[in-house]
1. If the chain between Glu14 and Arg161 were fully stretched, how many nm would it gain, using 0.36 nm times the residue separation less the Cα-Cα distance?
2. Could you give the length gained by full extension between Arg206 and Ala249, i.e. 0.36 nm per residue of separation minus their alpha carbon distance, to one decimal place?
3. With +1 on each Lys and Arg Cβ and -1 on each Asp and Glu Cβ, and nothing else charged, work out how big the dipole of the range 125-209 is about its Cα centre, in Debye to the nearest 20.
4. Starting with the highest mean, order 117-126, 256-265 by the number of other Cβ atoms within 10 Å, averaged over the residues of each peptide.
5. Averaging sequence separations of C-alpha pairs under 8 Å and six or more residues apart, then dividing by the length of the range 59-134, give the relative contact order as a whole percent.
6. Given Cα pairs under 8 Å that are at least 6 residues apart, what percent is the relative contact order of the chain?
7. Gap in Å between the Cα centre of the range 11-49 and the Cα centre of the range 65-136?
8. Rank Leu248, Thr113, Ala124 by how far each Cα sits towards the positive end of the charge dipole of the range 110-256 (+1 on Lys, Arg Cβ; -1 on Asp, Glu Cβ) and give me just the farthest.
Amino acid sequence: MPYPRELITTDVDEAVAVLRAGGLVAIPTETVYGLAADAEQPDAVRRIFGTKGRPADHPLIVHLADADRLDAWVREIPTTARTLAAACWPGPLTMLLDRGPRVGDWVTGGRDTVGIRVPAHPAAAEVLGRFGGGLAAPSANRFGKVSPTTAQHVLDDLGDRLDPTRDRILDGGAASVGVESTIVDLTVEPPQVLRAGAIGVDAIERLLARRIDPARGSRRAAGMLRSHYAPDCRVVLADAPDEAEHMLAAELDAGRVAEILDRTDDLVVAAQQLYADLRSADRRGLDVLVAVLPPPTGLGHALRDRLRKAAADRP
Ligand code: TXA
Ligand code: MG
């Protein structure tokens, strides 16, 4: 079926008009494309869940144009949030804070906390600036599947679910970071990092001059499923290139179509390309992708997390 190309636009004014009218706009961000709606229009936000096939109790991140607009989206702004906002926004950091009166249950799934992010992508910043309010947006992929880093990825995933008469995909090129934002929960003592991203735990510890804990507890882990970011092909993990060669040989011997994914020489490129690599494995009909895990330093943490989830047993 030909996808409706008319969904794609580069016109920021058109995107803003669609959002005001209660439509959905897939927006480019520096991490991944998000499927955005006006956070204060419950019906528009509900359509995000329907379009993704995402359970309604999985909370959405609210995106704002800048940190000066936090008032009323959060109950109070702790010093930790001011410090991180000054150093990391706009950028790939989401802060969990106690929610304010502008945040409805339809955004948080009834939770009393809200994730807030100020994205750095110029097109996202322009949309948010002109729109003025908050945009609720999860990654613009089908639930549990691989995140999108180009407008074409969004079209491939959601082209048959979006409505060309009221929704749009804003094409802002390929995402420069390529993996989702770091999520830090500032509502607990000490703060916890719930999802690894381009901003490392060590950087947050340095900025706040204190220890940060890894995520723990079921409430904290909501939405952080074990299996996620999953292509259709099986993903198996190797700790080193020679191990990957052995695993590849075994798969080929067993008659399966398999390849190695090893971008450990440049982790910035590895992150930029990760989701395109996973999608390409499916497009080329691989049965198995043997992925070499990068070392647990810098972006390596985020890449290891995503690859482990891509390799986890499916529900
Ligand atoms: O980089 C990103 O963060 C991208 C771009 C579009 O901004 N967004 C993104 O959203 O990755 P999403 O919905 O795919 O992932 C957000 C994760 C989910 O696992 C969700 O459950 C969790 O953050 N989350 C959001 N708000 C939360 C809250 N109040 N409490 C606990 N977890 C929350
Ligand atoms: Mg997602």
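1. Length gained between Glu14 and Arg161: 51.0 nm.
2. Length difference between fully extended and current span is 11.1 nm.
3. Approximately 140 debye in magnitude.
4. Listed from highest to lowest mean packing, they are 117-126, 256-265.
5. RCO, the range 59-134: 44 percent.
6. 20
7. 15
8. Going by the Cα projections, it comes out as Thr113.
Values in this text are rule-based calculations from the coordinates and carry no lab data. These figures come from a predicted structure and were not determined experimentally. Glycine also receives a Cβ, built like all others from the backbone with ideal geometry; neighbour counts cover every protein chain displayed.
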